[in-house]
Amino acid sequence: MVEKNTEDKVPAIKIRGLTKRYRGKQGREEVLALNNIDLTVEQGDFFALLGPNGAGKSTTIGVVCSLVNKTAGKVEIHGIDVDENFPLAKQYIGIVPQEFNFNQFEKVFDVVATQAGYYGIEPNVARQRAEHYLKKLGLWEKRHEQSRLLSGGMKRRLMIARALVHQPKLLILDEPTAGVDIELRRLMWDFLIELNEQGTTIILTTHYLEEAESLCRNMAIIDCGQLIEKGPIKALLGKLDRQSCLIDLDSVPADLTPLKSERIEVMRVDDMTLQVDVSGKYPLNELFQALNDQGKKILSMKNKTNRLEELFLSLTQDSPA
């Protein structure tokens, strides 16, 4: 039997005891930005890092990419300690920061191709990769334009193309769809899903919580520099005690009393729609049976509120932080 490469057995990111303190100014107390964070992201995962503004998400990413000096702790990228050999570790990382940090007067094609040169990629290979990613992200027709002339959404996609040109195994996206319209956001989602399916580990920070719920399998929530929850998104959503949904029927019953119980609240929205508030794991089964008993046909059902947002708010409100 052939022994697998050791690299295949290690996490994409392993963080232990990560702490960051900023010195206070003019006698003020120091600021604890990150407080003893432990976090592991396995290879091939699509991982969401969530938290309110100032929670510590960008600081965590900054430390991973050696853009921020940590106070304490250890960070490994594919088994490589960033303190011991960051030049090697950075070969694995593609980073898309919040701010546009490319030369605004450089042509779109050159922004991507020039980035490849920093990783020692030969010019002909760099040109091929630049063409590939610009086409995948819908920017090929803009390749000869100065990047400053692009729209905000196009600049975001250019940042992604630049981050991928050296084909990193780990892509970190810090608010990648901020300011991007719905159509372009969907295009980016499809591309990121395809990229992840090909084996690239993706870490996403976002304020669009439906984005995390749609794209990611696992997540961690940071609040006030502390890691307050982590795990599979589906399992964490299962912790919600209540949810609200809208159910479209062929017609709403005249008497709603038979549909109600201790765990089910029902309100008429119009002649064909009910709003249902439920608690517990399986109360909807009771409701479906009650509707069936009355001969009512369910046409569609959707969540009224974003469940991940509900979870986020409940966890951060209850957090000791």
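Residues to consider are Ile172, Ile193; find the one that is among the aliphatic types (A, V, I, L, M), touching a Phe, Trp or Tyr at 6+ places or on another chain (Cβ under 9 Å) and either closer than 19 Å to Gln104 by Cα or not in a loop (DSSP other than H, G, I, E, B) (or both). Step by step, each of Ile172, Ile193 is checked, and only Ile193 is among the aliphatic types (A, V, I, L, M), touching a Phe, Trp or Tyr at 6+ places or on another chain (Cβ under 9 Å) and either closer than 19 Å to Gln104 by Cα or not in a loop (DSSP other than H, G, I, E, B) (or both).
Inside the stretch 58-76, residues that are open to solvent by 30 Å² or more (accessible area, probe 1.4 Å) and not in a strand (DSSP E or B) make up a count of 7.
Val96 falls short on exactly one of the conditions (1) over 18 Å from Ile172 (Cα atoms); (2) in contact with a Pro (Cβ under 7 Å, 6 or more places away or on another chain), and that condition is (1). Taking Ile95, is it open to solvent by 20 Å² or more (accessible area, probe 1.4 Å), touching an Asp or Glu at 6+ places or on another chain (Cβ under 8 Å), outside any loop (DSSP other than H, G, I, E, B) and aliphatic (A, V, I, L, M)? In short, yes. Among the residues making up the stretch 9-19, a single one is modelled with pLDDT under 95 and either touching a strand residue (DSSP E or B) at 6+ places or on another chain (Cβ under 8 Å) or open to solvent by less than 90 Å² (accessible area, probe 1.4 Å) (or both): Val10. Here Asp174 meets the list (1) of a type in the set (D, E, K, R); (2) under 30 Å from Phe288 (Cβ atoms); (3) open to solvent by less than 60 Å² (accessible area, probe 1.4 Å); (4) touching a residue at least 60 places away in the same chain (Cβ under 8 Å) almost entirely, failing just condition (2).
When the test is whether a residue is in contact with a Leu (Cβ under 8 Å, 6 or more places away or on another chain), surrounded by fewer than 21 Cβ atoms within 10 Å (Cβ to Cβ), without any contact (Cβ under 8 Å) to a residue 12 or more places away in the chain and not aliphatic (A, V, I, L, M), Trp140 passes it. In the stretch 107-116, the condition of being loosely packed, with under 13 Cβ neighbours inside 10 Å, in contact (Cβ under 8 Å) with a residue 40 or more places away in the chain, touching a helix residue (DSSP H, G or I) at 6+ places or on another chain (Cβ under 7 Å) and closer than 21 Å to Lys155 by Cα is met by no residue. Are any residues in the stretch 143-155 open to solvent by 60 Å² or more (accessible area, probe 1.4 Å) and part of a helix (DSSP H, G or I), and if so, which ones? Answer for the stretch 143-155, where residues must be open to solvent by 60 Å² or more (accessible area, probe 1.4 Å) and part of a helix (DSSP H, G or I): Arg148, Leu149.
The values are calculated or read from the model by the stated rules, or taken from the named source; none is laboratory data. These numbers come from a predicted model, not from an experiment. Counting neighbours? That spans all protein chains shown, and the Cβs are built from the backbone with ideal geometry, glycine included. All accessible areas refer to the heavy atoms of the entire protein, side chains included, with ligands and DNA or RNA removed. Shrake-Rupley method; radii C 1.70, N 1.55, O 1.52, S 1.80 Å.
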